[in-house]
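The values are calculated or read from the model by the stated rules, or taken from the named source; none is laboratory data. Model, not experiment: these values are computed from the prediction. Neighbour counts run over all protein chains shown; Cβ positions are idealised from the backbone, glycine included. Protein only, heavy atoms only, side chains kept; ligands, DNA and RNA dropped before computing areas. Shrake-Rupley method; radii C 1.70, N 1.55, O 1.52, S 1.80 Å.
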Amino acid sequence: MTKHIGLYPGTFDPLTFGHIDMIERASQICDLLIIGVAENSGKSPLFSLSQRLNIIQEQVSYVHQKEKCTSNIKVESFTGLLTDFARLKGASFVIRGLRAVSDFEYEFQMASANKRLKPDLDTVFLTASESQHFVASSLVKEIARFGGDISSFVPVEVSKYMADLLSEKK
């Protein structure tokens, strides 16, 4: 029997409830879900790659404890092309979240480029849950930088990590 490996890539800087929702739902449609944490230094991430990996792994352990989720989730980092990482991991599809119609154009372009580079790699789009459709990591960082309450956007642990990191930078 063919194992269906899904890849959910991103920088996850920071990991939000929207990401966690996608992880929970994506884990239900594949045999193995690999969360691919992109190094992507071009985006000037707030958290280092190792911090992001640790945060995601911590939150995935909570997801595993939920009754509705199995332990079919792995967290790994990657650099370079997503298609090369997908090839290396044997992924047959990429999972991308769509928050709004405006996301679709960019995501469709990326899916098309990925398909050109790796013809057997499909992209599955999941729409964001109604309560998370407007949440973006960049929005969360902006709110946190100005001392706003981000507790409805990110897990408590992530909020604490962000507060510590931002206080260090002042």
Checklist entry - Is it true that some residue in region 75-96 is within 24 Å of Gln132 (Cβ to Cβ), among the β-branched types (Val, Ile, Thr) and in contact with a Cys (Cβ under 9 Å, 6 or more places away or on another chain)? => result yes
Checklist entry - Can you tell me which residue in region 13-34 is surrounded by the fewest Cβ atoms within 10 Å (Cβ to Cβ), limited to those that are among the acidic types (Asp, Glu) and within 19 Å of Ser159 (Cα to Cα)? => result Asp21
Checklist entry - Could you count how many residues in region 106-125 are open to solvent by less than 60 Å² (accessible area, probe 1.4 Å) and modelled with pLDDT under 95? => result 1
Checklist entry - Going by the structure shown, is Ala91 part of a loop (DSSP other than H, G, I, E, B), more than 29 Å from Asp164 (Cβ to Cβ), of a type in the set (Gly, Ala, Ser) and open to solvent by less than 20 Å² (accessible area, probe 1.4 Å)? => result yes
Item to check | region 119-152, residues that are of a type in the set (S, T, N, Q) and either closer than 30 Å to Gly90 by Cβ or assigned to a loop (DSSP other than H, G, I, E, B) (or both) | outcome: Thr123, Thr127, Ser129, Gln132, Ser137, Ser151, Ser152
Next on the checklist: Can you confirm whether Glu76 is open to solvent by 80 Å² or more (accessible area, probe 1.4 Å) and not in a loop (DSSP other than H, G, I, E, B)?
Outcome noted: no
Checklist entry - How many residues are assigned to a loop (DSSP other than H, G, I, E, B) and touching a helix residue (DSSP H, G or I) at 6+ places or on another chain (Cβ under 8 Å) if we restrict to region 153-170? => result 3
Checklist entry - Across region 149-167, what is the total count of residues that are open to solvent by less than 80 Å² (accessible area, probe 1.4 Å) and over 19 Å from the mean Cα position of the chain (by Cα)? => result 4
Checklist entry - Is one or more of the residues making up region 98-105 within 30 Å of Asp149 (Cβ to Cβ), open to solvent by 20 Å² or more (accessible area, probe 1.4 Å), part of a strand (DSSP E or B) and not charged (D, E, K, R)? => result yes
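Rundown of residues vs (1) open to solvent by less than 10 Å² (accessible area, probe 1.4 Å); (2) under 14 Å from the mean Cα position of the chain (by Cα); (3) without any contact (Cβ under 8 Å) to a residue 60 or more places away in the chain, yes/no style:
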site	(1), (2), (3)
Tyr8	no, yes, no
Thr11	no, yes, no
Gly36	yes, yes, yes
Ser48	no, no, yes
Next on the checklist: Pairs please, first residue from region 134-161 and at positive phi, second anywhere and among the charged types (D, E, K, R) and open to solvent by less than 70 Å² (accessible area, probe 1.4 Å), Cβ atoms under 9 Å, 6+ apart in sequence or on different chains.
Outcome noted: none
Checklist entry - Quick check: anything in region 129-148 of a type in the set (A, V, I, L, M, F, W, C), open to solvent by 70 Å² or more (accessible area, probe 1.4 Å) and over 21 Å from Gly10 (Cα atoms)? => result yes
